[in-house]
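Asker: Sharing a structure, written as structure tokens. Questions coming.
The values are calculated or read from the model by the stated rules, or taken from the named source; none is laboratory data. Nothing here was measured: the structure is a model prediction, and the numbers come from that model. Note that each Cβ is placed from the backbone with ideal geometry, even for glycine, and that neighbours are counted across all protein chains shown.
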Amino acid sequence: MLQVKNLHASVGDKEILKGLNIEVNAGEIHAIMGPNGSGKSTLSAVLAGRDEYEVTAGEVVYLGKELLELNPEERSWEGIFLAFQYPVEIPGVSNINFLKTAINERRKYFKQDPIAAKDFLKMVKEKSALVELSDKLKNRSVNVGFSGGEKKRNEIFQMAMLEPKLSILDETDSGLDIDALKIVAHGVNTLKSKDNATIVITHYQRLLDYIIPDFVHVLYDGRIIKTGGKELALELEEKGYDWLIKEEA
Amino acid sequence: MAYSEDDLKQDLVDQEYAFGFTTDVDSEKIPKGLTEETVRIISSKKDEPEWLLEYRLNAFSVFQGMTEPDWAHVTYKKPNLQDIVFYSAPKPKKELASLDEVDPEILKTMERLGISLDEQKVLTGVAIDFVMDSVSVATSFKEKLGELGVIFCSFSDAVKEHPELVKKYLGTVVPSSDNYYAALNSAVFSDGSFCYIPKGTKCPMELSTYFRINEQGTGQFERTLLIADKGSYVSYLEGCTAPQRDENQLHAAVVELIALDDAEIKYSTVQNWYPGDKNGLGGVFNFVTKRGICERNAKISWTQVETGSAITWKYPSCILKGDNSIGEFYSVAVTNNHQMADTGTKMLHIGKNTKSTIISKGISAGKSHNSYRGLVKIGKGADNARNFSQCDSLLMTDTCGAHTYPYIECENPSAHLEHEATTSKIGEDQKFYCMQRGIGEEKAISLIVNGYAKEVLNKLPMEFAVEAQKLLEISLEGSVG
């Protein structure tokens, strides 16, 4: 589904990704772990198409297409979803209106008619139940006045509504208490299928108790320095990153 | 009776009339320039009574002693009044029985704005009084309103049919001497709308008037007078558009609202006069004086969506004279390219327990300047007056400007005043968030801006709110920096 080859990316003069390689296939969950400043959030931003990041070398192929040539909304329409580390507030735009616009813009791209109100509402009801999002929050302005946990649940709700092929969860566990974490993980696990894939970016092993990865990658200084199974996460939890960094050096 | 040859002749004459419309509306003009003679000509063309001519002449003499104000945060080349035609009227035609008979040229302009007249007529029951250039060419729903005693007609008709009302109220809220443009308007106003709601009557439909500038180089001096008698209610909509022009066009309207005891007036405006091109060439100069007076327990609510005009100078205000009266001002002003807007409100608290609310949302893009200018004045006798003001500015680019000039004068210690102001730049984060969800940049901006302005848009009548949202989107097209 996704092949990232020798990816180099910079912000201003600073190179952050320095030859990153990763391959993700349908049906897989990949966890990317690493210390602060290793380039985790840069990777998610580059994949989603944020323009502050300049790709200086490398290639990203997504479902046979050159991903880097698509603009952010085209990537979204093609099935890439980024759950933001810091979900953005949009005052005056209701959550529901926001999602309806998003869904209809994608339908327009695929030359489909706008979604019928009845179908949309049915979908909202079904998907919001998944992350226990209350009716109140559905009608409120996007993320305005949401608690940290509500914002993250809202991200997963949006993910469920947009039915992406490749989801990237950027530090979705940060700021979540254990109950919210379980709800979020439940949502992600329920949405998992043999046709979609998930990249979970996280600091902590904790989330991986609930979302079981097929692969764990360690990102350090802009490169993947180690790849393993789910047991690698446990090892990291126990020993930290230092031993790997030393090994690398 | 047998069908005679004479009947046939008559039928043919009538028929020719019915099909005799031309698409370019002919206008009857007077020579350019402004002198006392101009004022006399206008008055005589309109066959006005002596008292109105005197009113105009007084205003003209006041006007001659005034200079054009320059305190607003706008710069422009002052129009040469000697180069303006002060009166133009479509040639008289057969009275129109229904909207279907309206000049197709007018309908075309309306449709470009996305307003289908037929649709409005059917769906909303809106009575529409066209002001095409200076003389009303069609009035509808008059009969239905007539049954309730509601008078809704052109200003000229009101002068003829209800002179006592016009004479009693004209100039009572905006005196001729009020300001330069009001004085000018009082001297040369050509036509406008008149509305009277009788005691205790709730006007069953939204009243609306479409203003349009049609003739190149013709100034528009509209006069609106709206009287809500005791305990009545009316919602009035005003929307305007002007076709593309290279020359600046002067528009100096005066609107006076009178809300008697326990009456309520809701006055909504969507203004999209031609704003000039991308380089700031052309566009309408919109210098408007709008003011209302509230008697006991009365309420006046101004809602405006301002997207057009090269220069806007406009402060819809409320004089809260009666005890317990309420004034409201909700405004969205959008400026793009080289547009300049200086707009806001004055809330003058005179009566006891008077309340006012001001919500102003400025949106600036391109190289435009957008200013909020407001005055909240609490008089000595205005015990327990309350005001809440919120003035927000949203910047779309680094090259535009937003300015806020809130003035407060308080002479009564029991007043309760709150003021909030924010300035923000449209967030890259917000845009990216939308784009990541599949909402492209232009659409994202429209969504964010409409969200920002929602508090005000929500105050508009339903069918106007949709139109206004479209307008914001169109006005900001290509503003992405």
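Asker: Give me the residue from the stretch B:30-83 that is among the charged types (D, E, K, R), touching a residue at least 60 places away in the same chain (Cβ under 8 Å) and in a helix (DSSP H, G or I) and, out of that set, nearest to B:Leu170 (Cα to Cα).
Answerer: That would be B:Arg56.
Asker: Kindly evaluate B:Glu238 against the criterion of being touching a strand residue (DSSP E or B) at 6+ places or on another chain (Cβ under 6 Å), closer than 30 Å to B:Asp262 by Cα and modelled with pLDDT under 85.
Answerer: yes
Asker: Looking at the stretch A:64-91, which of the residues that are buried (at least 20 other Cβ atoms within 10 Å of the Cβ) and of a type in the set (Val, Ile, Thr) is nearest to the other protein chains (Cβ to nearest Cβ)?
Answerer: Checking each candidate, the answer is A:Ile90.
Asker: For the condition touching a residue at least 60 places away in the same chain (Cβ under 8 Å) and outside any strand (DSSP E or B), what is the one hit in A:Leu219, A:Leu232, A:Leu236?
Answerer: After ruling out the rest, the residue left standing is A:Leu236.
Asker: Tell me, yes or no, whether the stretch A:28-42 has at least one residue that is in contact with a Phe, Trp or Tyr (Cβ under 9 Å, 6 or more places away or on another chain), part of a helix (DSSP H, G or I) and modelled with pLDDT under 95.
Answerer: The answer is yes; a qualifying residue exists.
Asker: Here's another thing I want to ask about it. Only one of these is within 30 Å of B:Asp70 (Cα to Cα) and either within 14 Å of another protein chain (Cβ to nearest Cβ) or exposed (fewer than 15 other Cβ atoms within 10 Å of the Cβ) (or both): B:Thr404, B:Thr399. Name it.
Answerer: B:Thr399
Asker: In addition: Looking at the stretch B:429-445, which of its residues are part of a helix (DSSP H, G or I) and either within 7 Å of another protein chain (Cβ to nearest Cβ) or within 34 Å of the chain's Cα centre (by Cα) (or both)?
Answerer: B:Asp429, B:Gln430, B:Lys431, B:Phe432, B:Tyr433, B:Met435, B:Gln436, B:Glu441, B:Glu442, B:Lys443, B:Ala444, B:Ile445
Asker: Please work out if A:Thr198 is in a strand (DSSP E or B), of a type outside the set (A, V, I, L, M) and within 18 Å of the chain's Cα centre (by Cα).
Answerer: Yes; evaluated as a whole, the condition is true for this residue.
Asker: Go through (1) away from chain A (no Cβ under 14 Å); (2) without any contact (Cβ under 8 Å) to a residue 40 or more places away in the chain; (3) part of a strand (DSSP E or B); (4) of a type outside the set (Val, Ile, Thr) one by one and return the number of the condition B:Ser414 breaks.
Answerer: (3)
Asker: If you scan the stretch A:92-137, which residues turn out to be crowded, with 17+ Cβ neighbours inside 10 Å, facing chain B (nearest Cβ under 10 Å), at negative phi and of a type outside the set (Lys, Arg)?
Answerer: Hits for the stretch A:92-137 are A:Val93, A:Ser94, A:Asn97, A:Phe98, A:Leu99, A:Thr101, A:Ala102, A:Ile103, A:Asn104, A:Glu105.
Asker: Here's another thing I want to ask about it. What residue, of B:Tyr3, B:Tyr55, is of a type in the set (Phe, Trp, Tyr) and at pLDDT below 55? Explain how you work it out, then say what you get.
Answerer: Working: B:Tyr55 fails: at pLDDT below 55.
Testing whether each residue is of a type in the set (Phe, Trp, Tyr) and at pLDDT below 55 leaves just B:Tyr3.
Asker: Among the residues of the stretch A:129-164, write down those that are of a type in the set (Ser, Thr, Tyr) and either over 16 Å from B:Arg437 (Cβ atoms) or under 19 Å from the mean Cα position of the chain (by Cα) (or both).
Answerer: Answer for the stretch A:129-164, where residues must be of a type in the set (Ser, Thr, Tyr) and either over 16 Å from B:Arg437 (Cβ atoms) or under 19 Å from the mean Cα position of the chain (by Cα) (or both): A:Ser134, A:Ser147.
Asker: Here's another thing I want to ask about it. State yes or no: is A:Glu163 modelled with pLDDT of 90 or more, under 27 Å from A:Val93 (Cβ atoms), surrounded by fewer than 23 Cβ atoms within 10 Å (Cβ to Cβ) and in contact with a Gly (Cβ under 9 Å, 6 or more places away or on another chain)?
Answerer: yes
Asker: May I pose another question? Only one of (1) modelled with pLDDT of 95 or more; (2) part of a strand (DSSP E or B); (3) closer than 29 Å to B:Ser424 by Cα fails for A:Ala102. Which number is that?
Answerer: It fails just one condition, (2).
Asker: A follow-up question, please. Restricting to the stretch B:448-473, count the residues that are crowded, with 23+ Cβ neighbours inside 10 Å and either more than 13 Å from chain A (Cβ to nearest Cβ) or in contact with a His (Cβ under 7 Å, 6 or more places away or on another chain) (or both).
Answerer: Qualifying residue count for the region: 4.
Asker: For A:Leu169, state whether it is within 30 Å of A:Glu105 (Cα to Cα) and crowded, with 16+ Cβ neighbours inside 10 Å.
Answerer: Taking the combined requirement at face value, the residue satisfies it.
Asker: Quick one: in the stretch A:33-63, of everything that is touching a Ser or Thr at 6+ places or on another chain (Cβ under 9 Å) and aliphatic (A, V, I, L, M), which residue is farthest from the other protein chains (Cβ to nearest Cβ)?
Answerer: If we take residues in the stretch A:33-63 being touching a Ser or Thr at 6+ places or on another chain (Cβ under 9 Å) and aliphatic (A, V, I, L, M), then A:Met33 is farthest from the other protein chains (Cβ to nearest Cβ).
Here's the yes/no breakdown for (1) in contact with a strand residue (DSSP E or B) (Cβ under 8 Å, 6 or more places away or on another chain); (2) modelled with pLDDT under 90:
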| position | (1), (2) |
| --- | --- |
| A:Lys151 | no, no |
| A:Asp170 | yes, no |
| A:Ile178 | no, yes |
| A:Leu191 | yes, no |
| A:Val200 | yes, no |
| A:Arg206 | no, yes |
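Asker: If A:Lys18 satisfies all but one of (1) within 11 Å of chain B (Cβ to nearest Cβ); (2) of a type in the set (Lys, Arg); (3) assigned to a strand (DSSP E or B), what's the number of the condition it fails?
Answerer: (1)
Asker: Consider only pairs whose beta carbons are under 6 Å apart and that are at least six residues apart or on different chains; among these, list those whose first residue lies in the stretch B:438-459 and is farther than 14 Å from A:Phe98 by Cα and whose second residue is buried (at least 23 other Cβ atoms within 10 Å of the Cβ) and polar (S, T, N, Q).
Answerer: B:Lys459/B:Thr303
Asker: Got a number for residues in the stretch B:58-72 being more than 25 Å from B:Ser156 (Cβ to Cβ), touching an Asp or Glu at 6+ places or on another chain (Cβ under 8 Å) and modelled with pLDDT of 85 or more?
Answerer: Looking only at that region, the number is 0.
Asker: Return the residue satisfying two criteria in turn: it lies in the stretch A:72-92 and is β-branched (Val, Ile, Thr) and out of contact with any Lys or Arg (no Cβ under 8 Å at 6 or more places or on another chain), and of such residues it is farthest from A:Ala117 (Cα to Cα).
Answerer: Among those residues, the one meeting the criterion is A:Val88.
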